[in-house]
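Single-structure report; data block below.
Rule-based calculations on the coordinates, nothing more; no lab input. Since we're looking at a predicted model, the values are computed, not measured. Here Cβ is always computed from backbone atoms with ideal geometry, including for glycine, and neighbour counts include all displayed protein chains.
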Amino acid sequence: MAEAELESAVAQVERLVREYAQGLPEGRPLDARLSLKNDLAIESLSLVSLTLRLGDELGVDVVEMGLELGDVKTLGDLQNIALTISRSKP
């Protein structure tokens with residue numbers, strides 16, 4: 001997979017997180033270590049919605065992939081899922 005495609009997947013995650021987050025750190029870039037729940041106030045149902053939408057945008061059915069969202073705690077975890085999704089595309 002091309003580097004630009006991987007960067008694009010990460011950028012998509014950041015765009016969606018900014019849309020779904022209830023609490024964004026002011027005046028600083030999103031850090032991969034930020035907690036989705038504690039720092040960004042993204043609750044479980046919102047995370048599911050965000051992940052489904054990410055899969056749609058990347059052209060992959062995340063339900064068929066069987067991704068385990070229970071282990072997704074940080075922005076970095078979500079970015080890793082996006083990279084996994086991107087790499088699984090034919």
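The set of residues from segment 46-88 being of a type in the set (Lys, Arg) and either on the phi > 0 side of the Ramachandran plot or in contact with a helix residue (DSSP H, G or I) (Cβ under 7 Å, 6 or more places away or on another chain) (or both) comprises just one member, Arg53. Filtered by the rule that a residue be polar (S, T, N, Q) and within 15 Å of Gly76 (Cβ to Cβ), segment 32-55 gives Ser35, Asn38, Thr51. Each residue in segment 8-32 was checked for being in contact with a Lys or Arg (Cβ under 8 Å, 6 or more places away or on another chain) and crowded, with 17+ Cβ neighbours inside 10 Å, and 2 of them qualify. Selection of segment 33-66 for residues being among the small types (Gly, Ala, Ser) and surrounded by 13 or more Cβ atoms within 10 Å (Cβ to Cβ) yields Ser35, Ala41, Ser46, Ser49, Gly55.
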